[in-house]
Amino acid sequence: MVAKDEDSDLAILKISGNGFPGFGTIPYKIKTNTAEVAENVWVVGFPEADIMGEEVKYSEGVINSRSGIGGDKSTYQISAQVSHGSSGSPVFDDYGNLIGIVSSGLDASVQQNVYYAIKTSYL
């Protein structure tokens with residue numbers, strides 16, 4: 001582990017060893033300036049693979065708010081529906097830039113279809 005942030009539940013890992021060939025060139029850029037409200041986003045991930053299957057899951061939506069619960073400036077509120085177990089999934093804009101990491105959602109008994117992503121500027 002290179003770095004960790006327990007508050008945002010993120011860690012940066014370094015993989016090394018003779019058996020690891022590397023990832024090559026990453027096919028996207030990391031956008032560090034804040035996305036705008038109503039900007040299109042899409043999410044890919046592998047939630048609950050043991051139940052939902054190992055095929056990648058895709059969802060799309062928009063930035064609903066440039067802040068999260070209680071006005072938290074480190075997160076976006078997004079409308080892209082993500083399933084339980086999607087934390088850590090990448091959030092991309094229409095240009096293929098990474099703009100966030102799925103972090104949480106509100107319990108459906110409080111409010112349905114409200115999800116949050118940590119902004120890449122906080123990575």
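Just a few scattered comments:
- Taking residues in region 42-65 that are hydrophobic (A, V, I, L, M, F, W, C), and partners anywhere that are open to solvent by 80 Å² or more (accessible area, probe 1.4 Å), the pairs with Cβ atoms closer than 7 Å and at least 6 places apart or on different chains are Trp42/Tyr58; Trp42/Glu60; Val44/Tyr58; Phe46/Glu54; Val56/Phe46; Ile63/Glu36; Ile63/Val37.
- Of all the residues in region 67-98, those that are open to solvent by 10 Å² or more (accessible area, probe 1.4 Å), of a type in the set (D, E, K, R) and touching a strand residue (DSSP E or B) at 6+ places or on another chain (Cβ under 6 Å) number 1.
- Region 2-25: number of residues that are open to solvent by less than 100 Å² (accessible area, probe 1.4 Å) and in a strand (DSSP E or B): 5
- Only one entry in Ile118, Ile51, Ile30, Ile101 is within 23 Å of Lys4 (Cα to Cα) and open to solvent by 60 Å² or more (accessible area, probe 1.4 Å), namely Ile30.
- Ser79 fulfils the conditions (1) in contact with an Asp or Glu (Cβ under 7 Å, 6 or more places away or on another chain); (2) among the small types (Gly, Ala, Ser); (3) closer than 19 Å to Gln112 by Cα except for a single criterion, (1).
The values are calculated or read from the model by the stated rules, or taken from the named source; none is laboratory data. Source: prediction; values computed, not measured. Counting neighbours? That spans all protein chains shown, and the Cβs are built from the backbone with ideal geometry, glycine included. Remember, those area values only see protein heavy atoms, side chains included, never the ligands or the DNA or RNA. Shrake-Rupley method; radii C 1.70, N 1.55, O 1.52, S 1.80 Å.
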